[in-house]
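What follows is a set of notes on a single structure, which appears directly below.
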Amino acid sequence: QVQLVESGGGLVQAGGSLRLSCSASGTIFSINRMGWYRQAPGKQRELVAGVISGGVTTYADSVKGRFTVWRDNANNTVYLQMNSLKPEDTAVYYCAALVVTGLLSSETDYWGQGTQVTVSS
């Protein structure tokens, strides 16, 4: 089994910054992709930012230029630096990882429990 533990959410004023982190632990052979999703009340969960094992990143258009995602492969940790936060960034942020648990195993998606980010105007 694999566990993802997130930290770093909270309440911040518009224009402020927060950093989220997510560490994966358990039976891990490799992590092919790690990233962050968010879900606001009444809305569908959406991809915020992701990074694959080669370091290539992808971002939602709404966060480009404000958010930065990166991985610490040695520690199976992914970070999300969020700057110039806006009230519309308010959501529960979820960490996700595409994990291979053994040499002959297939990929499996794992999710964190979510962390609340609230941006006040």
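The values are calculated or read from the model by the stated rules, or taken from the named source; none is laboratory data. Computed from a predicted structure; not experimentally measured. Glycine gets a Cβ as well: all are built from the backbone with ideal geometry, and neighbour counts include every protein chain shown. Ligands, DNA and RNA are stripped out before the accessible areas are found, and what is left, the full protein with its side chains, is counted by its heavy atoms. Shrake-Rupley method; radii C 1.70, N 1.55, O 1.52, S 1.80 Å.
Tabulated data for the structure shown
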{"read-out": "Rounded to 5, the percent of DSSP beta bridges in the chain classed as antiparallel", "value": "90"}
{"read-out": "Two-site FRET efficiency, ILE52 against GLN113, from Cβ-Cβ distance with R₀ of 22 Å, rounded to 0.05", "value": "0.40"}
{"read-out": "Charged-residue dipole, Cβ positions (Lys, Arg, Asp, Glu), the chain about Cα centre, Debye nearest 20", "value": "200"}
{"read-out": "Region 22-121 - percent of accessible surface contributed by carbon and sulfur, probe 1.4 Å", "value": "48"}
{"read-out": "Per residue solvent-accessible surface (Å²) - the chain, probe of 1.4 Å", "value": "52"}
